[in-house]
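A short write-up of the structure that comes next.
The values are calculated or read from the model by the stated rules, or taken from the named source; none is laboratory data. It should be emphasised that the depicted structure is a prediction, and the values quoted were computed from it without experimental measurement. Cβ placement follows ideal geometry from the backbone for every residue including glycine, while neighbour counts extend to all protein chains displayed. Protein only, heavy atoms only, side chains kept; ligands, DNA and RNA dropped before computing areas. Shrake-Rupley method; radii C 1.70, N 1.55, O 1.52, S 1.80 Å.
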Amino acid sequence: MAADVRQQLTSVLFVGFSNDSPKDARTPTVVDAATGSDKYLERLLTHVRVLEEDEDKGKSDKVKFRYICVTVKKSMKLRVHKVKPTKAGGFSVSKSWNLDEIKSVESADETQIIVNLGKMYKWRMDDPQKKIEFLFTLLKLCRKYLKRQPKLTNVDEESLRAQMQLNSTFMSAAETEFAHTFASMARRPRGVAFDEGEDEEDADEPAEAPIIVPVEMEAPAVNLDEVLETFNWHVSGDATALEARLLTELQALEAANVHAIISSEEQANIVVNQLDQSILHLDLIDEWISHYTQLLDSMGQDVHQIEVRHKGMQIVSANQKLLLTEVEAILSNLRLPSFLLDVLRTEPLKDSDGIAACENATKKLTEVTQRKLDNELGALQAVRDQIAFLNSHGTQFAVRLHDYLVGYFQQQAEVYLQDKSRSSRRGSLKLYGHDQIEEKLYRFCKLLKWLKGVDTRKHYNLQMSYVQEFARVYTREILEFLDQFRTHHLQRRAEGEELDYMFTQPASVSSAASNAIKSAIAKTSTPNLASDRRGSNVMRRSRLGGDQSRTDINKDDGESDSQSIKQSRRRITSETWSKAAASGAASTLSLNVGLDERLVPDEALGEVLSLLCPAIVREQNFICDLFALHKEGGSSTDLHDTTADQPDEVIHDWQDRLSESRPPIKDLKLTKRMQEHLETLFDETKEGLITLLDNGLKSDATFAVGMIVHIEDFVEEFKNTCHTYIQTMLENLNEKLVAIFEKFVDEQVRVIDDTKVTAKKRSGILPFIRTFPRFVDRMESSLGDNTGLAQQTVNKAYARIVHTMLETLEVMSQQVVVDTKAAADDKEFLNIHILHVENMHHFYSVIRARKVPSLDVYVKQTKSSYDAHLDAYCKVVIRKPLGKLYDFFEGIEGLLKTNTPEEINYHMQYNKGALKDVVRKYPGKEIKKSLESLYKRVEKHYTDEEGLLQVVWRGIQDEFFKRVRRYGELIAICYPESSIRLEFTLDELVGYFSELARAH
């Protein structure tokens, strides 16, 4: 079917431009003589049948069958035609467009496309394959022959190509048709040109003059509307535009006819060929002229460039001469006299003159090399070479200075180590100074400061060399000092010597032996802390020339001792320095002790620190000044322009100020560096101090408190200074002392826990209760007026020991309380009360008298326990004197909880008769006799130590009076009509107690 339609279209409408085409055709169409219809001299490339929706006329539901044909003219112009079938069975073109008039193509669905040709046309194909074939062919022609491509919407060319590869039949036929069509169009004689819109003659026709035969034809019946529709013109349109268009096409047809006539003449073709050849020759000549013109232009540019370069070279030469003059002027300012360079190379550093000359040379060198230059001048190679030359001399001198000082450090260290006179001996404890090397090295301060700015690595190496060499010196001297002090002048406890302020575990004593123990303690001459400290301070003051005596041993004495220790340390330091300065050894520190004099450990530590700390301060300040480890202006050496040629008075003044504490260094890097140096110098010193602590505390760890107090004094002294190493060292010592003291407290607590007490026996005052006040005296006398770490440590010890003591007593009580079989007067229960009353009374009276603020809370706690147990004891012991009278009225108290007073008389055991019998058995004489027995019993329970017996007897008296009053009230309440009364009165009872008190 499709083949038949194509055949009809090619035979009836698109007849092509083959050899049998009419030779006189000057228009794109000719008229068929048989049918009278137009035939297009165009070749059909493809066609497709579509259903067109006519939306312009408002009839969107009306569809028309049309054929969309794509043709090509002989001028290679592609066109699109809309062809409709006629009623007579033929075809006519209703619309025509050039291919480049297609603005956009849109794929609406599987069979419909929308094409924009000035207006939108909706064409629906018979099936999807027809749509794909038409779209593929149309887009392929557009891609190949159009400069401006139509806009594609919902069209995937890759997908179209892939689908068309499957239709090999169509592809083969289409490719063959296109190749044949365009190949035949390409064959035309040379020199024949076609204007756009003009039909060409067949190129294979011989160039003969056309024979124009006028043919008269009957005017066919023409539908004017269809003709006008072909020109896109309606009756209501512009007739002038239509006329202009018709004239334009008529002119084109006439021009084509003229061109065809001219082309048919042989001579005209020859002329045209010759003209073509002439044009070719002219083109060649024009190319040669253009080539020579370019060569001439290039030579002119080269000449111009040569001239410009010549002028530039002249300017450069002049500038270089000026530059050379300026550079010579600059370099003259960057040169040093040759004698200064010789000084840097060869000047000896052994004397002050040589050091001063080198200091001056380095100063000049620094002024030249660090002179501020503009960025442009500083970038000049000559300037950089000159500065590098001067820096090389500076580097050589830095090496020479470094090597000399390293050797000097080693030499001086060996001299000090070989000098046997610098050793400490028994009775002559000294820390020798390094005045000679300080004075010598002072003259190098400015050179070392210059080295710091030139070569920091060598500057640091010198620091390390100094501290490593002199660490050996300090280690030997300080360790010898500490060893001699520890061996010959440190007081130690004799083995087996008992210390009454430590908690021991003796056998329990009976109350009968309490007085004997008390008097034995009073008469015993066992040394204690106060006497030790007092004796040592008296010796200390006598050594320093003091004459003050001490006679009292109390808390005030402890405070005075603490103050005197601080004053002693300050006097020792000041006197030592003044004597050393007078003897010419300003930095030598000595401790004047007798050959057989020994110091208690805490005072010994204070004396040692009073020498070591100033030595460390002096060494730190010396290193800071020597190596400029501080900010500008932070040292006395910064006050002088030179240090090499300063007089001895200036150097001695500087040495005197080395022992003064200095403010903190804000530069953390410098602080860390100094900390590292001092650790290298004095690490062994720290170990020696720890050994001294261990030896001093080996026999008595309570000296740790006094040591902490001494250390805190030094910590406070060096607070807010740059001497952080001393602070760190002292803090480490404090940590160790606290650990030792806490371990000691652990042992004391364990001893208290292990104390064995038999509850059935009256034990009097327990050993740890007696020991604790002496322990408090020991601690408080060691503390003095300290409120810092030592006070906190002691407070923690108080808390642990008191808690353990009270807990031990409480455990004893719980053992009896949980025994439900114990009677009210059971001896075990009574002994617990006796134990608590006696021990709590002793603790309360003794500790309160010492007025220790940190123990006030425990004093209040023991007072409460004491009152509770005393009250319970009194209630228990008065049961026996009152006897059945006590039991009778206790029974009445029990009945009153569930009965009214009137109901009491109705109970057989508590009627008036029973009351009368009980009262009759306890007349005044019987009560007096019972009280005498009770006093003797209480006297066995308690001693009269600290007036405890009288206190307890007064408590019993108050409880007795309270009971008797209550018995009278019960008789009045429960037996109101009875005249029965107790056989004794309160006044008589008061007399009994007074008589007993006077008798004892």
For this session: Take LEU934 and decide whether it is open to solvent by less than 80 Å² (accessible area, probe 1.4 Å), in a helix (DSSP H, G or I) and over 28 Å from PRO901 (Cβ atoms).
Result: yes
Seminar exercise, completed: Screening LYS936, LYS928, LYS921, LYS880 for residues that are under 17 Å from PHE961 (Cα atoms) and free of Cβ contacts under 8 Å to residues at least 60 places away in the same chain leaves only LYS880
Exercise. Consider LYS672 against the criteria (1) open to solvent by less than 50 Å² (accessible area, probe 1.4 Å); (2) part of a helix (DSSP H, G or I): it satisfies all of them except one. Which criterion is unmet?
Worked result: (1)
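Condition check ((1) buried (at least 19 other Cβ atoms within 10 Å of the Cβ); (2) touching a strand residue (DSSP E or B) at 6+ places or on another chain (Cβ under 6 Å); (3) among the hydrophobic types (A, V, I, L, M, F, W, C); (4) free of Cβ contacts under 8 Å to residues at least 40 places away in the same chain) across all residues:
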position	(1), (2), (3), (4)
ARG426	no, no, no, no
LEU429	yes, yes, yes, no
GLY433	yes, no, no, no
LYS440	no, no, no, yes
PHE444	yes, no, yes, no
GLN463	yes, no, no, no
LEU482	yes, no, yes, no
Exercise. Name the pairs: first residue in segment 971-997 and farther than 12 Å from LEU931 by Cα, second residue of a type in the set (Ser, Thr, Tyr), Cβ to Cβ under 9 Å, at least 6 apart or on different chains?
Worked result: ILE971/SER978; CYS974/TYR910; LEU982/TYR922; LEU982/TYR967; GLU983/TYR922; PHE984/TYR922; PHE984/TYR992
For this session: Identify, from the list LEU322, LEU365, LEU377, the residue that is open to solvent by 70 Å² or more (accessible area, probe 1.4 Å), in a helix (DSSP H, G or I) and either at positive phi or modelled with pLDDT under 90 (or both).
Result: LEU322
For this session: Restrict the check to segment 335-352 and report whether at least one residue is within 50 Å of the chain's Cα centre (by Cα), of a type outside the set (Gly, Ala, Ser) and part of a helix (DSSP H, G or I).
Result: yes
Problem set entry | Flag for LEU401 being surrounded by 20 or more Cβ atoms within 10 Å (Cβ to Cβ), free of Cβ contacts under 8 Å to residues at least 60 places away in the same chain and either within 18 Å of GLY354 (Cα to Cα) or of a type outside the set (A, V, I, L, M) (or both) | yes
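Tell me which residues, restricted to segment 374-390, are without any contact (Cβ under 8 Å) to a residue 40 or more places away in the chain and either touching a helix residue (DSSP H, G or I) at 6+ places or on another chain (Cβ under 9 Å) or of a type in the set (Asp, Glu) (or both).
As a first pass, look at segment 374-390 and keep what is without any contact (Cβ under 8 Å) to a residue 40 or more places away in the chain: 374-376, 378-379, 381, 384-385, 388-389.
The answer is ASP374, GLU376, GLY378, ARG384, ASP385.
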Problem set entry | Index of the failed condition, LYS82 passing every other in (1) open to solvent by 40 Å² or more (accessible area, probe 1.4 Å); (2) modelled with pLDDT of 80 or more | (1)
Seminar exercise, completed: Picking from PHE984, PHE993, PHE960, the residue that is among the aromatic types (Phe, Trp, Tyr), open to solvent by less than 60 Å² (accessible area, probe 1.4 Å), out of contact with any Lys or Arg (no Cβ under 6 Å at 6 or more places or on another chain) and farther than 29 Å from TYR866 by Cα would be PHE984
